[in-house]
Amino acid sequence: MKRARLILLVLIVAGFYEGHAQIKTSASKKVVPQSQYENTLPTYTKGGIGGFYRYLSNEVMPLMNKEDFKNSGYPPTKLKMLLYINEKGDITDVGFPDESLTKDCEAKMRAKLLVLKGWKAPVVNGKPIKSTFLCSINCILWQ
């Protein structure tokens with residue numbers, strides 16, 4: 001029952017996602033945001049964004065059930081994750097900007113996301129580019 005509610009919640013939120021493309025030059029480590037590419041997002045090829053959120057619901061979110069939480073021992077009600085996707089469509093890193101999870105929980109979630117295949121890098125001027133995908137789950141209900 002808990003799982004069904006979480007899946008339903010994730011699917012409802014699936015329509016509300018954000019992301020942005022960026023170019024990282026090899027000459028410098030500086031990331032230069034490119035506003036003309038703001039509608040260029042990586043795509044998940046295994047079932048679209050709904051398939052990605054199903055993966056989150058089935059494989060990643062259950063890890064949160066097993067963890068202690070920083071804020072008074074209560075689980076977070078929202079979660080943001082930054083997926084860094086290279087030109088080949090591989091997730092190279094995962095960031096957790098809210099810092100509401102323990103480092104151990106972040107590491108376990110990162111490990112599950114780093115093995116996820118099926119992303120396609122955005123293409124600009126005929127070349128795939130590195131990008132960042134912001135996954136924002138704004139309302140997590142715990143029973």
**Q.** Any chance residue 41 is open to solvent by less than 40 Å² (accessible area, probe 1.4 Å), under 26 Å from residue 118 (Cβ atoms) and at pLDDT 55 or above
**A.** no
Q. Of all residues in the stretch 50-78, which are modelled with pLDDT of 85 or more and surrounded by fewer than 16 Cβ atoms within 10 Å (Cβ to Cβ)?
A. 50, 51, 58, 59
Q. Residues of the stretch 83-102 being open to solvent by less than 50 Å² (accessible area, probe 1.4 Å) and within 16 Å of residue 60 (Cα to Cα), which ones?
A. 83, 91, 94, 95, 96, 100, 101, 102
Q: Determine whether residue 23 is among the hydrophobic types (A, V, I, L, M, F, W, C) and modelled with pLDDT under 60.
A: yes
Q) Would you call residue 104 modelled with pLDDT under 90 and among the charged types (D, E, K, R)? A) yes
Q: Only residues in the stretch 118-140 that are of a type in the set (D, E, K, R) count as the first member; pair them with residues that are crowded, with 20+ Cβ neighbours inside 10 Å and part of a strand (DSSP E or B), Cβ under 9 angstrom, at least 6 apart or cross-chain, and list the lot.
A: 120/44; 120/85; 130/21; 130/85
Q. Mind checking whether some residue in the stretch 103-116 is touching a residue at least 60 places away in the same chain (Cβ under 8 Å) and either open to solvent by 20 Å² or more (accessible area, probe 1.4 Å) or acidic (Asp, Glu) (or both)?
A. no
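The values are calculated or read from the model by the stated rules, or taken from the named source; none is laboratory data. Since the structure is predicted, the reported quantities are computational estimates derived from the model, not experimental observations. Using ideal geometry, Cβ is built from the backbone for each residue, glycine included, and neighbour counts are taken over all protein chains shown. Accessible surface areas use protein heavy atoms only, side chains included; no ligands, DNA or RNA. Shrake-Rupley method; radii C 1.70, N 1.55, O 1.52, S 1.80 Å.
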